[in-house]
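J.: First the structure, which I've put down as structure tokens, then a few questions once you've had a look.
The values are calculated or read from the model by the stated rules, or taken from the named source; none is laboratory data. These figures come from a predicted structure and were not determined experimentally. Every residue, glycine among them, receives a Cβ derived from its backbone with ideal geometry; neighbour counts consider all protein chains shown.
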Amino acid sequence: MSTPLSTVRLQLHGQFTLADAAARVPYFSRLGISHLYLSPITRARAGSTHGYDVVDHTVVSDELGGIAALRALVDVVRSHGMGLLLDIVPNHMATHSSNAWWWDVLRHGRLSRYADSFDIDWHTPQPGLRGKVLAPFLAKPYGESLADGSIAVVLEQTEGVPQIEASGARYPIAPDSMRVAGLDAQMAARYYDGSTEDGRQRLHELLEKQHYRLAWWRCAADMINWRRFFEVSELIGVRVELPEVFDAVHALPLQLYAEGLIDGLRIDHVDGLAQPVAYCAKLRAALDERRAQRPAALRGDAPWLIIEKILAPGETLDASWQVDGTSGYDFMDQAGAVLHQSDACMALTDLWARTAQDNRDAAAHVRAAKKLLLERHFAAERKALLRVLWGLAQGSVRGRDWSRELIGRVLDRFLEVFPVYRTYVGPQGRNPQDADLFARVMSEALAVLDRGDAQEGAALLTWLEAGLVGIGQTEAAQTAGSTLEKQGLAIRRFQQLTPPLAAKSLEDTTFYRYGRLLSRNEVGSDPAVFAIRPAHYHERNAWRAAHAPRALLATATHDHKRGEDARARLAVLTEAPDLWAQAVARWMQWPGTPAAACALHAGERYMLWQAIVGAWPMELRADDEPAVGGFIARLSAWQTKALREGKQSSGWFCPDEAHEADAQAFLDSMAVGGPHHALLKDIGDFVARIAPAGALNGLVQTVLRTTAPGIPDLYQGTEFWDFSLVDPDNRRPVDYPGRQDALDALDSGVDIIELLAQWRDGRIKQAVVAACLRLRRRLPLAFSIGAYEALPVSGKRHEQVLAYARSAGDQHCVVVLPLHGHRGLAAAGGAGSLQFPERYWEDTSVSLPPRYAGMEMKNALDGSIQRPGTGGMLRLDDLFADLPLAVLAA
């Protein structure tokens, strides 16, 4: 089969190969999975833990087992009636010596056959870089590296060819640049011995003859003349907009599709490409062309094409993309937001402001982060864009008096308020959606311009808008070729600058500065959006059912900031803001707080409390010394990353080791036997109070993902509780034998009500996952093409219920779920039950459409039978009598 019903995302690497994935296929099949969704499988840097640092697009990684292992995996997959979705990386490759394309460019420069394959500015005006590639990989400044021997001529071991070795990496030597009369390779290498003054001078002169310029790694932000993946200098942008590059990058995945080894592709970082929409249309056409070559049994389904894209609030993909949808961050945001109670917004906003002594909202933090990033992290990219814009201005009558500095200041304000990842101006010219967006951005940018720039700023913004939105075909025909070319370059540079600027300012800066509620600081989410109402959630699902029924639905990914169940637990804070405020006040003023804690800013401590509460493992006891030590080690790694990503108290460029040591000392003081272990124990006691409601939220979120329009994606291991932190914590090995044993017990007849009573061990979540995924198999039409219908809820607690129906033909499913259950569960008493008190729901009922009248419906979770009462009503007290979740099938 190739029709997708559900996926499991697997992270492949040397310790979990294609063969390891094959060994788990029977388990995934029994769980209800239809497709494996694999991380990149092409050859990456040796020892890669993720596969995104590709060095060869044309072969399957030997570390993963190679093409033979892939074929063996597919054989097992097909024997279980399953399929395969493959993640590919067209945007970038690794700048590593094992990358033959990159090596050839370094060796031959502009004359390399791959010179245009990478997004390199060969015409940069920077002194010493025109016609060269900046290689910002030295551990120390160039002069120091040359003086202390960090740069040397060495001989390649196999053939004895001279190479440059610098800071542990190898670089080629341009042909004929090292020719020394009468010297063989070994003697020539000694000729450039940097241990002597003459040798260093000769070595420097040799390096000056190369097609690359070695530089200190910290120079990259200011000087780089090629497009990077975000600000990662180890990854260089690839120009797949060029036909020959597109063909080379996609030859392998297209061949795998034609052979029937894969059923679809997930495109990594599509917004990094020069023309994402045109790229997707081209890839769709290439897949469609090969559909007839596939095995006969697999030709029935269209190729499945998914893109990794962050959608801003209100942003959607139109039909011109020709994709099946996104990889699911938008759903992750919606499913998380509906678990939050909007009434607590003001209380938690005020609590954050008072505690952190910071009244700024999320938008202000994003603007400040963008300002910093443009100055320090993307200065070279900004400068390259500004250079083209200034050239265009100088060639126009209206703009010839605008200085480069003025254009730069106005451009900065424009970029700082730009609200989406990017625009999509293409050869067709203006895009109506982009034009509307620019109109709003211009107004906001004008409002934040400095007073001295305001007079010319309005005219400049109008000119900027005209230049960056693009011109139509009529205007293009009337525009000089050189101007049109410059404008196209400006648009491309602008559109490839805004995505990394947006991602780094929000996900990798603001998320670690603005800590009102960390469950809303998640990839795909806007922290300014505190919660959404059920009506809004229903609206988005109805849209997806109509327009993107094959989009992925994620609630956990390899890139998430914290696990799905950690976010679900933190959402409970919106139901108990007073309880949370009391706990925070107690912890912030904990008696005898160590000096190290005082060195941490109040906002940093506030976010640390949330990190601990969210990530606290279900089974952790505060007196378990080894377990607590392991937990603190995980928190320490998170804390260091958080401080550096926040770019305030520390940073990746210049880590504040003293401040980071203080953060570590504070965490260590809470270990078993530490002077403030009682503080950790108190946090654990707080977690115990909200954990039941958090677990129920986690189960609700699981049902949402597995019954909503779209294709549910299970991130590896998250069929059990997921309290992971940011990577690499969210990529830890999965205990598959334990999960297999639990599924065996489930299939042997263990009662789900028994699992509910033992909810802390995670088996209840696996049981819910399995029941819902298996139901999708039984009712494929209802979930693949079925309508999505919000069901009305009435009664005293109607705001605490989310209900909807999925149906197609004679296949029907009704889902009824509780929201905001903390107070209800607390009222039940006992030691953390997930059961609501008897008659808690009182008159609360769900109304079913007339077609359900008299229909017998079976709860796929516990097997109980439900029949709508008079008027098609389902009473919640009856529905949730044994299990607080209902997935009714008919």
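J.: Report those strands (runs of 3 or more DSSP E) wholly inside region 758-866 carrying at least 1 residues which are surrounded by fewer than 20 Cβ atoms within 10 Å (Cβ to Cβ), at negative phi and not charged (D, E, K, R). Step through it out loud before you land on a result.
T.: Numbers: elements: 787-790, 801-808, 811-818, 845-847, 857-859.
Once the strands (runs of 3 or more DSSP E) in region 758-866 are filtered for at least 1 residues that are surrounded by fewer than 20 Cβ atoms within 10 Å (Cβ to Cβ), at negative phi and not charged (D, E, K, R), what remains is 787-790, 801-808, 811-818, 845-847.
J.: Need a quick list: strands (runs of 3 or more DSSP E) entirely within region 127-201 having at least 1 residues that are surrounded by 11 or more Cβ atoms within 10 Å (Cβ to Cβ) and of a type in the set (S, T, N, Q). I'd like the intermediate steps shown before the answer.
T.: Working: elements: 133-138, 151-155, 162-166, 169-171.
Those strands (runs of 3 or more DSSP E) span 162-166.
J.: Further question on the same structure: Please give the number of the condition Asp87 fails out of (1) in contact with a Leu (Cβ under 7 Å, 6 or more places away or on another chain); (2) buried (at least 17 other Cβ atoms within 10 Å of the Cβ); (3) outside any strand (DSSP E or B).
T.: Against the list (1) in contact with a Leu (Cβ under 7 Å, 6 or more places away or on another chain); (2) buried (at least 17 other Cβ atoms within 10 Å of the Cβ); (3) outside any strand (DSSP E or B), Asp87 comes up short only on (3).
J.: Going by the conditions given, is Gly399 modelled with pLDDT under 95 and either under 26 Å from Asp436 (Cβ atoms) or in the same structural domain as Met588 (by TED's automatic domain parsing) (or both)?
T.: On the way: modelled with pLDDT under 95: yes; either under 26 Å from Asp436 (Cβ atoms) or in the same structural domain as Met588 (by TED's automatic domain parsing) (or both): yes.
Yes: the conditions hold for Gly399.
J.: Still on this structure, please answer the following. Could you tell me which of the residues Ala622, Ala554, Ala535 is under 20 Å from Val687 (Cβ atoms), at pLDDT 95 or above, outside the structural domain of Pro303 (by TED's automatic domain parsing) and of a type outside the set (Phe, Trp, Tyr)? Reasoning before the result, please.
T.: Numbers: Ala554 fails: under 20 Å from Val687 (Cβ atoms); Ala535 fails: under 20 Å from Val687 (Cβ atoms).
Exactly one of Ala622, Ala554, Ala535 is under 20 Å from Val687 (Cβ atoms), at pLDDT 95 or above, outside the structural domain of Pro303 (by TED's automatic domain parsing) and of a type outside the set (Phe, Trp, Tyr), namely Ala622.
J.: Out of region 6-45, which residues are touching a helix residue (DSSP H, G or I) at 6+ places or on another chain (Cβ under 9 Å), more than 16 Å from Ala72 (Cα to Cα) and in a loop (DSSP other than H, G, I, E, B)?
T.: Within region 6-45, Ser6, Gln11, Gly32, Ile33, Ser34 meet the criteria.
J.: What helices (runs of 4 or more DSSP H) completely inside region 411-489 contain at least 1 residues that are modelled with pLDDT of 85 or more? Please lay out each step first, then the result.
T.: Numbers: elements: 432-448, 454-469, 473-477.
The qualifying helices (runs of 4 or more DSSP H) are 432-448, 454-469.
J.: Just checking, how many residues over region 202-249 are in a helix (DSSP H, G or I) and either within 19 Å of Trp102 (Cβ to Cβ) or in contact with a strand residue (DSSP E or B) (Cβ under 6 Å, 6 or more places away or on another chain) (or both)?
T.: At the first step, the residues of region 202-249 found to be in a helix (DSSP H, G or I) are 202-208, 217-223, 243-249.
Narrowing the set further to residues that are either within 19 Å of Trp102 (Cβ to Cβ) or in contact with a strand residue (DSSP E or B) (Cβ under 6 Å, 6 or more places away or on another chain) (or both) leaves 207, 217, 219-220, 223, 244-249.
Number satisfying all stated conditions: 11.
J.: Looking at Val734, Val726, Val703, can you tell me which residue is of a type in the set (A, V, I, L, M, F, W, C), assigned to a helix (DSSP H, G or I), under 17 Å from Ala556 (Cα atoms) and not assigned by TED's automatic domain parsing to the domain that holds Ser807? Before you say what the answer is, go through the steps one by one.
T.: Numbers: Val734 fails: assigned to a helix (DSSP H, G or I); Val726 fails: assigned to a helix (DSSP H, G or I).
Only one candidate qualifies: Val703.
J.: Next up: Looking for whichever is in contact with a Gly (Cβ under 9 Å, 6 or more places away or on another chain), under 22 Å from Gly717 (Cβ atoms) and in contact (Cβ under 8 Å) with a residue 12 or more places away in the chain here; the options are Cys813, Cys772. Which one fits?
T.: On the way: Cys813 fails: under 22 Å from Gly717 (Cβ atoms).
Sole residue among the options that is in contact with a Gly (Cβ under 9 Å, 6 or more places away or on another chain), under 22 Å from Gly717 (Cβ atoms) and in contact (Cβ under 8 Å) with a residue 12 or more places away in the chain: Cys772.
J.: Here is a list of conditions, (1) over 31 Å from the mean Cα position of the chain (by Cα); (2) within 19 Å of Ala581 (Cα to Cα), and Val613 meets all of them except one; can you say which number that is?
T.: Single failed check for Val613: (1).
J.: Moving on to the next point. Which residues, taken from region 227-246, are out of contact with any helix residue (DSSP H, G or I) (no Cβ under 9 Å at 6 or more places or on another chain) and either closer than 19 Å to Ile41 by Cβ or surrounded by 17 or more Cβ atoms within 10 Å (Cβ to Cβ) (or both)?
T.: Leu235, Val245 - these are the residues of region 227-246 that are out of contact with any helix residue (DSSP H, G or I) (no Cβ under 9 Å at 6 or more places or on another chain) and either closer than 19 Å to Ile41 by Cβ or surrounded by 17 or more Cβ atoms within 10 Å (Cβ to Cβ) (or both).
J.: If you take the residues of region 648-684 that are of a type in the set (D, E, K, R) and free of Cβ contacts under 8 Å to residues at least 60 places away in the same chain, which of them is surrounded by the fewest Cβ atoms within 10 Å (Cβ to Cβ)?
T.: Out of the qualifying residues, it is Glu657.
J.: Could you tell me which of the residues Tyr279, Tyr257 is hydroxyl-bearing (Ser, Thr, Tyr), in the same structural domain as Val54 (by TED's automatic domain parsing), surrounded by 19 or more Cβ atoms within 10 Å (Cβ to Cβ) and touching a residue at least 60 places away in the same chain (Cβ under 8 Å)?
T.: The match here is Tyr279.
J.: Does at least one position in region 309-318 carry a residue that is acidic (Asp, Glu) and touching a Ser or Thr at 6+ places or on another chain (Cβ under 9 Å)?
T.: Here is the first cut: in region 309-318, the residues acidic (Asp, Glu) are 315, 318.
Still in the running and touching a Ser or Thr at 6+ places or on another chain (Cβ under 9 Å): none.
No - not one qualifying residue is present in region 309-318.
J.: Within region 286-300, how many residues turn out to be within 20 Å of Val323 (Cβ to Cβ), part of a helix (DSSP H, G or I) and of a type in the set (Gly, Ala, Ser)?
T.: Here the count works out to 1.
J.: Something else now. I want to confirm something. Restricting to region 104-126 and keeping residues that are assigned to a helix (DSSP H, G or I) and of a type in the set (A, V, I, L, M), which single residue is surrounded by the most Cβ atoms within 10 Å (Cβ to Cβ)?
T.: Here is the first cut: in region 104-126, the ones assigned to a helix (DSSP H, G or I) are 104-111.
Among the residues that remain, those that are also of a type in the set (A, V, I, L, M) are: 105-106, 111.
On the way: Val105: 27, Leu106: 24, Leu111: 12.
The qualifying residue surrounded by the most Cβ atoms within 10 Å (Cβ to Cβ) is Val105.
J.: Determine which single condition Gly717 fails, assuming it passes every other condition in (1) outside any helix (DSSP H, G or I); (2) in contact (Cβ under 8 Å) with a residue 60 or more places away in the chain.
T.: (2)
J.: Would you mind finding the one in Thr49, Thr58, Thr3 that is outside any strand (DSSP E or B) and modelled with pLDDT of 95 or more?
T.: Working: Thr58 fails: outside any strand (DSSP E or B); Thr3 fails: modelled with pLDDT of 95 or more.
Just one listed residue meets the conditions, Thr49.
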